[in-house]
Amino acid sequence: MTASSGSETLGFETEAKQLLHLMIHSLYSNKEIFLRELISNASDAADKLRFEALSQPDLLENDSELKVQIDFDEKKKTISIADNGIGMTREEVISNLGTIAKSGTAQFLESLTGDQQKDSQLIGQFGVGFYSAFIVADEVEVLTRKAGTPADEATLWKSKGESEYTVENESKAERGTTITLHLKKDEKDFAESFRLRSIVKKYADHISIPVLMEKQDFVETEENEKDKKKKEIEYEAINDAKALWTRSRTDVKDEEYKEFYKHISHDFEDPLEWSHNKVEGKLEYTSLLYIPGRAPFDLWNREAARGLKLYVQRVFIMDDAEQFLPLYLRFMKGVVDSNDISLNVSREILQKDPVIDSMRSALTKRALDMLAKLRKKDKEKYNEFWVQFGQTIKEGPAEDFGNKEKIAKLFQFTTTASENDLQEQGLEEYVSRMQDGQDKIYYLVAESLKAAQNSPHLEIFKKKGIEVVLMYDRIDEWLMGHLNEFEGKQFQDISRGELDLGKLEDEEDKEQQEKSAKEFADLVTRIKKNLGDKVKEVRLTHRLTDSAACLAIDEHDMGAQMRKIMEASGQAVPESKPIFEINPEHPLLVKLDKEADEERFGDLVAILFGQASLAEGGQLEDPGEFSARLNKLLMELTGKD
Ligand code: ADP
């Protein structure tokens, strides 16, 4: 059948069906947010029309005052939200309201647990837009006509939110969209004048077009009811319809900033922080940047929409303008309104415009400053931020060379001085605690916090009371490849190369080291001969106090973490062998040195080498052989009596 003919019944796409089911059975406690979502959509529709009308003024059809009008009928238990925005064609209705285009939907649906209470929380985190109407309504009608199409080419969409909806041709004199909700029995109170008005007011305050409701200048008595029928209903705007970012900071309440964030981000939850700025001078623009409270479901999806909402002289131009912020700040939401960009700018032009480059670097600095300030001002909030977006920020130094130092200041780690398992130590704090004579920032990369904390490489640092940064995020080794120094202090991976504590070593240490080098020279050669090409080198070490041996990696070899990442992505990994380091202070080594039986010597070396691999979180090359050798020694031990 042709899409423009009469009535047809269609099934919702699978993902849409799942979301609707969730909505209908939702225990989401904040039911009133359906109004926010619908008003928000109406306002977006007005924005889109105004934008289209820049090149096609006819679209405004002598009706250029864009607005939203909200009506209700207490008796019929209905609420309607009408806009004179862009409207939708029949095809658009089907694809916009019958399918879900939002990225991250699949991840969201996968994360559902089946536990209604928990899932309702997740709904809040995901945000469902138009479908939130079904939280309160058991039937929804959408009557819409696209701007510029004839009055008899409107479309009526109807659904009870189950598995299907119908679409049919209708006529509609005014362009735009009217959404009518038939409230569920339990939710009929939403169609009550006072309540509805106060909710609408809350969600309309930051909207930049008038939101109209029936004038409420008389008490509703039976007399008045009759009067009302006689009189034509008068409407009044219940918001001041001024774009929020054009208002002065001191005039905007926190609550309004938060609601505006929800409007532009489609997030149901409050933002963590925001920064609102007007820039004057060579470039003139206003920006309002938000840090979300929680990472979206599609943060790691390369194709996910990101970027700011772009306005030019208060006219909406586009969503997701990605050109204004670097990729590692992709979680930021917000608005930028420029006076220096042409109204007919396109995505392609944005990519080449030097004005945009200047704005991008200014906005990046603004965003980094906002984060730095938050860290100083509210450590707890910043920790929340770090848990959500720390990994994204760690992409920074590789992408944004110029801001390396600023970005590094935002990093948080666990260190050997941490009192809990949270990553909450900054590099500035580390540097401020450095010992006299310490000129490096020492760090260790491991599989997990536990593995890091128990690494034998830490032994000497613990003994000398030198703090070490413990890194165990997947991205850390890669990150450190892009970060050489901080505040003039070099970074030093303590499991790499020969241990050099520089001025932190005293004369006594050095004498002792020279002495043992002579003493154990033969043992080192003997072990090397024994292990053969399993190792790159065997050498004495002074990094150990308790362990007998450990593995180190050569200065420029790839570490275990990078190796795993590359292997997982199917890339060829360059071969590299570990350096086997032995602790001359350890009694086992002294015994080993005296072991005359070559076979027994070989068993002991193999076990020490195996243990050192295990302590690194590595795997044994031949676990069976390792166990056999260990058991042989155990048998000797237990068989003595
Ligand atoms: P979102 O607004 O996050 O894209 P919704 O589910 O709320 O998701 O809406 C889906 C789409 O339906 C919107 O992107 C828009 O294209 C269309 N739409 C919704 N409401 C309106 C409206 N009042 N006027 C025009 N189009 C609308």
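Bear in mind these aren't lab numbers, they're just calculated from the coordinates by the rules spelled out. Quick caveat, the model's predicted, so the values are computed rather than measured. Glycine also receives a Cβ, built like all others from the backbone with ideal geometry; neighbour counts cover every protein chain displayed.
Observations on the structure shown:
- Straightening the chain between Thr525 and Lys376 buys 48.2 nm, computed as 0.36 nm per residue apart minus the Cα-Cα spacing.
- Relative to the dominant Cα principal axis of the chain, helix 254-265 is inclined by about 90°.
- Ranked by how many other Cβ atoms sit within 10 Å of their own Cβ, fewest first, the residues Leu22, Leu614 fall in the order Leu614, Leu22.
- If you take the Cα centroid of region 330-346 and the Cα centroid of region 270-308, the two points sit 11 Å apart.
- Calculated log₁₀ intensity ratio I(q)/I(0) where the Debye formula runs over C-alpha points of the chain, q = 0.07, 0.12 Å⁻¹: -0.62, -1.22
- Alpha-carbon centroid distance for the pair region 526-558 / region 147-196, whole angstrom: 74
- For the chain, the longest principal axis of the C-alpha atoms and the axis of helix 598-615 are separated by about 20°.
- Other residues whose C-beta falls under 11 angstrom from the C-beta of Ile94 contribute a net charge of -3, scoring Lys and Arg +1 and Asp and Glu -1.
- Normalised contact order of region 536-641, rounded percent, pairs of Cα under 8 Å and 6 or more residues apart: 31
- Axis of helix 521-531 versus longest Cα principal axis of the chain: the two differ by about 60°, to the nearest ten degrees.
- Summing Lys and Arg as +1 and Asp and Glu as -1 over all other residues whose Cβ lies under 15 Å from the Cβ of His556 gives a net charge of -4.
- Residues Lys75, Lys534, Lys528, sorted so that the one with the fewest Cβ neighbours within 10 Å comes first: Lys75, Lys534, Lys528
- Placing a label point 7 Å from the Cα of Gln116 along the Cα-to-Cβ direction, the residues of region 15-46 whose backbone N falls under 12 Å from that point are 22-29.
- Treating each Cα of region 472-533 as an identical point scatterer and summing with the Debye formula, the log10 of I(q)/I(0) at q = 0.25 Å⁻¹ comes to -1.07.
- Counting only DSSP H runs of at least 4 residues, each contributing -39500 (n - 2.57), and dividing by the residue count of the chain, the helix-based mean residue ellipticity at 222 nm comes to -11500 deg cm²/dmol.
- Around Phe580: net Lys/Arg minus Asp/Glu count, Cβ-Cβ under 11 Å: +3
- For Tyr328, Tyr261, order by how many other beta-carbon atoms lie within 10 Å, fewest first: Tyr328, Tyr261
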